[in-house]
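Throughout, read-outs are computed from the coordinates displayed, never taken from laboratory work. Everything quoted here is computed from the prediction, not taken from an experiment. Here the Cβ positions follow ideal geometry from the backbone for every residue, glycine too, while neighbour counts run over all protein chains shown.
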Amino acid sequence: MENKVYLNGEYLPLSKAKISVLDRGFLFGDGVYEVIPAYHGKLFRLQEHLDRLESSLSNIRLGLSYNMDKWRQILEPLLDKDKDQYIYLQITRGVAPKRDHAFPVSPVPTVFAMCSDIQHVADRDSGVKAVTMEDSRWDMCNVKATTLLANILLRQQAIEQGCAEAILIKNGYVTEGAASNLFAVIDGVLMTPAKSGDILPGITRDVIIELARANDIPVKEDIISLDALQTASEIWVTSSTREIIPVVELDGKKVADGLPGPLWQKMHELFQDYKQSVS
Ligand code: PDD
């Protein structure tokens, strides 16, 4: 049976869901999105994802005031209780009468949501390769904007070099991955860059910091220079769809002994237990 999606108040088969070519999401990438995991039909950290959505909407000056209950009502019918899935939710500034950079006078947002199965990363347990690249993005990376050309080009270059992720460097310091946050174990401390306009405030990132603090793992939100990253005993990239992935090779050199590290193993287990406890 074809997947059902949500579009502007209706549930439709995917192939029947259509938007106008004048939608500003299509013409300008003028929109924001969320990716929300759902384990056995239960949305994970929904409040946190909705808070980030609200912040993204407010940053792009787009008004849409749905409360938590309204979002639940919209999203829950898309879920399958027997599976691990994720919701992709996108809101654009809607259809305007003509193509004009300036905002339309009374925008009617386009609201779209679909659900997909989570495909667990095949080589998570053995680790992945990553490559560092100059961060060519803008200074509002805290906004989860659909305008993702820089991220796409960076990730594609990484893939073409046989790597799973591009790790982005701005003025000599790590920001994040092309579609993930970054953690590194440096001198025995779990480090991750602090929140700023240079990174997306990842929900998985927050869970990891909470789990570290609750389990006496030293953790610090601070700058990480490229030089320091090269000395790390462990590097991880994290996101809602891929969870915590150990990076075992950076720019063609092994990270420590080239195997996923003991802290990754521990955090992976803590994360799985936490998921179980809330789903
Ligand atoms: N992306 N940083 C960037 C640039 C991202 O695109 C993502 C996730 C993250 C991690 O955020 P979270 O832990 O909330 O998923 C960090 C999603 C999964 C995507 O674009 O598909």
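If you add up the charges near Leu22, with Lys and Arg at +1 and Asp and Glu at -1, over every other residue whose beta carbon is less than 15 angstrom from its beta carbon, what do you get? Don't skip to the answer; put the middle values down first.
On the way: positive: Lys18, Arg24, Arg93, Lys98, Arg99; negative: Asp23, Asp30, Asp100.
Counting the neighbours of Leu22, the net charge comes to +2.
So what is the relative contact order of region 153-279, in percent, for Cα pairs below 8 Å that sit 6 or more residues apart?
Across region 153-279, relative contact order equals 21 percent.
Could you list, in their original order, any pairs among Lys81/Lys129; Lys220/Lys275; Lys42/Lys144 whose Cα atoms are separated by more than 29 Å?
Lys81/Lys129
Which listed residue (Leu250, Val143, Gln265) has the Cα farthest towards the positive end of the charge dipole for region 128-278, taking +1 on Lys and Arg C-beta and -1 on Asp and Glu C-beta about the Cα centre?
Val143
Which of Pro97, Gly9, Cys115 sits farthest toward the positive end of the charge dipole of region 4-117, with +1 on the Cβ of Lys and Arg and -1 on the Cβ of Asp and Glu?
Value: Pro97.
With unit charges on the beta carbon (Lys/Arg positive, Asp/Glu negative), name the residue among Ser233, Leu57, Ala214 whose Cα is farthest towards the positive pole of the charge dipole of the chain.
The residue sitting farthest along the positive end of the dipole is Leu57.
Based solely on its DSSP helices, what 222 nm [θ] is calculated for the chain when runs of n ≥ 4 H residues each add -39,500 (n - 2.57) and the sum is averaged over all residues, nearest 500 deg cm²/dmol?
The per-residue figure over the chain is -7500 deg cm²/dmol.
If you average the alpha carbon positions of region 180-195 and of region 68-136, how far apart do those two centres end up, in angstrom?
26 Å
Tell me, what ³J(HN,Hα) does each residue in region 27-40 have, in order and in whole Hz, if you take phi through Karplus 6.51 cos²θ - 1.76 cosθ + 1.60 with θ = phi - 60° and put x for Gly and Pro?
Taking θ as phi minus 60°, the curve returns 6, 10, x, 8, x, 10, 8, 9, 10, 10, x, 9, 9, 6 Hz for region 27-40.
Taking the Cα centre as origin and putting +1 on Lys and Arg beta-carbons and -1 on Asp and Glu beta-carbons, what dipole magnitude results for the chain, to the nearest 20 debye?
With only Lys, Arg, Asp and Glu charged at Cβ, the dipole is about 940 debye.
For region 10-55 and region 215-237, what is the separation of their Cα centres, given in Å?
Answer, in whole Å: 32.
Does region 32-190 come out rounded, prolate or oblate, given a ≥ b ≥ c as the square roots of the eigenvalues of its C-alpha gyration tensor, rounded meaning a/c under 1.5 and, failing that, prolate meaning a/b above b/c?
Here region 32-190 falls in the oblate category.
Treat every Asp and Glu Cβ in region 4-117 as -1 and every Lys and Arg Cβ as +1, leave all other atoms uncharged, and give the resulting dipole magnitude about the Cα centre to the nearest 20 debye.
Values: 15 positive and 14 negative charges, 65 e Å.
My answer is approximately 320 debye.
Give me log10 I(q)/I(0) at q = 0.11, 0.14 Å⁻¹ for the chain, Debye formula, one equal scatterer per alpha-carbon, no solvent.
For the requested q values the scattering log ratios are -0.67, -1.06.
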